[in-house]
Amino acid sequence: MPKVSIIVPIYQVEKYLERCLESLVNQTLEEIEIILINDGSTDNSTNIAKEYQRKYPNKVVYLEKKNGGLSDARNFGIPKATGEYIAFLDSDDYVELITYEEMYQLAKKENSDMVECDFIWEYVNKTKEDIGQIYHGKHEMIEKVRVVAWNKLIKREILEKTKIQFPKGYQYEDIEFTYKLIPYLEKVSFLKKACIHYVQRSNSISNSQNERTKEIFEVLEQVIDYYKKNNLYEEYKRELEYIYTRYLLCSSLFRIVKIEDKKVRKKLLDMTWEKLNTKFPNWKKK
């Protein structure tokens, strides 16, 4: 059994894919499984991925599916993984060569359900380290966790038991995935090294703001509904109110004001205020 399975969705990334895959096949951790999910690419990504599978048959698994988006590709890969731990990496990003060895060693040393590492925002002309806060316990994790899937190593058996997946068809898929996962994580460890290069592309989904920005409302609603359905809501209500308020008044609001269409922008600003005051009418008192 591999120690770590790394799930890499691929879609139209011919400019970035080779760098990503070089950083994976040369990991210092030998017992890894690199699962490439071709999500309907029509560029040269297909040939690049197939060539790496040919060159590294003992490490690289190549799979194809119809285009369904990032979440769908990740979900497709999870049941194919056989490693003790699972990691996710976007195919335009890349990692330091010691990343998965050090994360795995820490996971085994501390018997961790999840390991989180720091990362590097990589722009065209500069880089910036993202140093996360160390949190203790699930309540604090809800408030402080960085809601990205690709800087974490997660015990596979937890994903198998909970059947938690990424929401298909939405932006902000990592938000829903992360918050649903938290109640099942008994031990989280921190590798305080910036190991992952988070490459910023001007045309990426995360940098393009339009009416789809409102999907944050639906994602947060789905998180709250999940907690209610699984009898977790009352225990975590304070933290859920905090993150709901924070997203709507901070990161979401920042994205909305960048929308060029004035009608859409006003519509989403009005929705923000209405959603906040309907869902948590006493938010100002906290």
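Relative to the longest principal axis of the Cα atoms of the chain, helix 99-110 runs at roughly 70 degrees.
All Cα-Cα separations within the range 134-192 were binned at 5 Å from zero, giving a P(r) of 4, 17, 30, 28, 16, 4, 1, each value a whole percent of the pairs.
Percent of C-alpha pairs per 5 Å bin in the range 1-145, short distances first: 2, 9, 17, 21, 19, 16, 10, 4, 1, 0. Along its first, second and third principal axes, ordered by size, the chain spans 58, 43, 35 Å in Cα coordinates. Each peptide in 172-185, 30-43, 261-274 was scored by the mean count of other Cβ atoms within 10 Å over its residues; highest first, the order is 172-185, 30-43, 261-274. When only Cα pairs below 8 angstrom with a gap of at least 6 residues are kept, the chain shows a relative contact order of 18 percent.
Counted over the chain, the DSSP beta bridges are approximately 30% antiparallel. Rounded to whole numbers, the Karplus 3J(HN,Hα) couplings from phi for the range 139-152 are 4, 5, 5, 4, 7, 10, 5, 8, 7, 10, 7, 7, 10, 10 Hz, using 6.51 cos²θ - 1.76 cosθ + 1.60 with θ = phi - 60°, and x at Gly and Pro.
For the chain, the longest principal axis of the Cα atoms and the long axis of helix 233-249 meet at an angle of about 90 degrees.
Label-to-label distance, K80 versus E31, with points set 7 angstrom from Cα along the beta-carbon direction: 2.3 nm.
Between R19 and D261, the modelled label-to-label distance comes to 3.3 nm, taking each label 7 Å out from Cα in the direction of the beta carbon.
Take the Cβ atoms of E235 and N58, set R0 to 35 Å, and the FRET efficiency comes out at 0.20. Look at where the Cα atoms of the range 14-58 and of the range 224-286 average out, and the two centres are 38 Å apart. Computed per residue of the chain from DSSP H runs no shorter than four, each worth -39500 (n - 2.57), the mean residue ellipticity at 222 nm is -12500 deg cm²/dmol.
Rule-based calculations on the coordinates, nothing more; no lab input. On a predicted model such as this, the values are computed, not experimentally measured, just so you know. We place every Cβ from the backbone using ideal geometry, glycine too, and count neighbours over all the protein chains shown.
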